[in-house]
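This report concerns only the one structure given below.
Nothing in this text is a laboratory measurement; each read-out follows from the coordinates by a stated rule. Source: prediction; values computed, not measured. Cβ sites come from the backbone with ideal geometry, for glycine too, and all protein chains shown count toward neighbours.
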Amino acid sequence: MTELRILPAAAWGDQVAADLADRLRATPALRLCLPTGATPVPVYEALVRRVRSGEATFADATVVLLDEWVGLPPGDPARCDTRLRAQLLDRLPAPPAAVHAIDVDDPDLDAAVARHAAAAVGLDLVVLGLGMNGHVGFNEPGSLPDSPTRIVRLAASSREAAMARYGASTVPTAGITVGMDRILAAGEVWLLVTGDRKAGILRRALRDPEDPDCPASCLRRHPNLQVIVDEEAAALLA
Ligand code: F6R
């Protein structure tokens, strides 16, 4: 079942953080897959506040990163591991029990992919943002519901986003993503979407027929999908 929740923009980040804190309280050993990008920034900001105030803890939780650029040096400001540490993980009073970043610095990338595919088995909750082309993680258009965790060629728009939006020091050569198979096998999936620029692609993902050219549309087959959006992103959903 797909549940669509439309929240006022001002309340959106804190509400998603409150829901994450609830999940952590209910299941302290939560196995959680997290994205980076601009969308979750207000969620992580509010979640840090909530965890610091003692509402929840990551101390028993496992965090699995959703995706990573290939070809950016360690510590690059656009790297997903750099961003998730700076925005969330390094700000927690107690670190998660385990953090599985994608080891793109391993010269054997196939081995890194295999390790990450194993880390992404049995996720309780996958949190996703929505790309302007309908991608989720780096499952770019053309990805199928059974697409595995893998190295992917990035769409030009994704490579440009690395430079223009996230400040990468060089153009990434590829990406590694948790596959659609692992996402669809998770206990719960939350798709987070904010801002009027996403209104068109959100409408396509939710209202048009399921289509691998818009991988987010395939999430609707998940039995427990929440699409949590602000009013601006929801503008074309009528
Ligand atoms: C990031 C990720 C991407 C983004 C998507 C939306 O880890 O997996 O799929 O979620 O590109 O990016 P923003 O939130 O920057 O608009």
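Tabulated data for the structure shown
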item	result
Two-site FRET efficiency, ASP146 against LEU237, from Cβ-Cβ distance with R₀ of 35 Å, rounded to 0.05	0.80
Radius of gyration, Dmax [region 133-237; alpha carbons; angstrom]	13.9, 40
For VAL64, residues with placed amide H under 5 Å, excluding near neighbours	LEU32, CYS33, LEU34, HIS100
Value of [θ]222 nm, deg cm²/dmol, for the chain, DSSP H segments ≥ 4, -39500 (n - 2.57) each, nearest 500	-9000 deg cm²/dmol
Average projection area in nm² (convex hull over Cα atoms of the chain, one quarter of hull surface)	11.4 nm²
Diffusion coefficient, µm² s⁻¹, Stokes-Einstein with Kirkwood Rh over alpha-carbon pairs of region 1-139 at 20 °C and 1.002 mPa s	136 µm²/s
Estimated FRET transfer efficiency (ASP110, VAL171; beta-carbon r; R0 22 Å; 0.05)	0.50
Normalised contact order of the chain, rounded percent, pairs of Cα under 8 Å and 6 or more residues apart	26 percent
Relative packing of peptides 14-24, 114-124 - highest average C-beta neighbours within 10 Å first	14-24, 114-124
Nearest-0.05 FRET efficiency for ALA11 and ARG52, computed from C-beta distance (R0 22 Å)	0.65
Overall form of region 93-133 per C-alpha gyration tensor (a/c, 1.5; a/b vs b/c)	oblate
Selected from ALA162, LEU219, LEU237, residue furthest toward positive end of dipole (region 119-238; charges at beta carbon)	ALA162
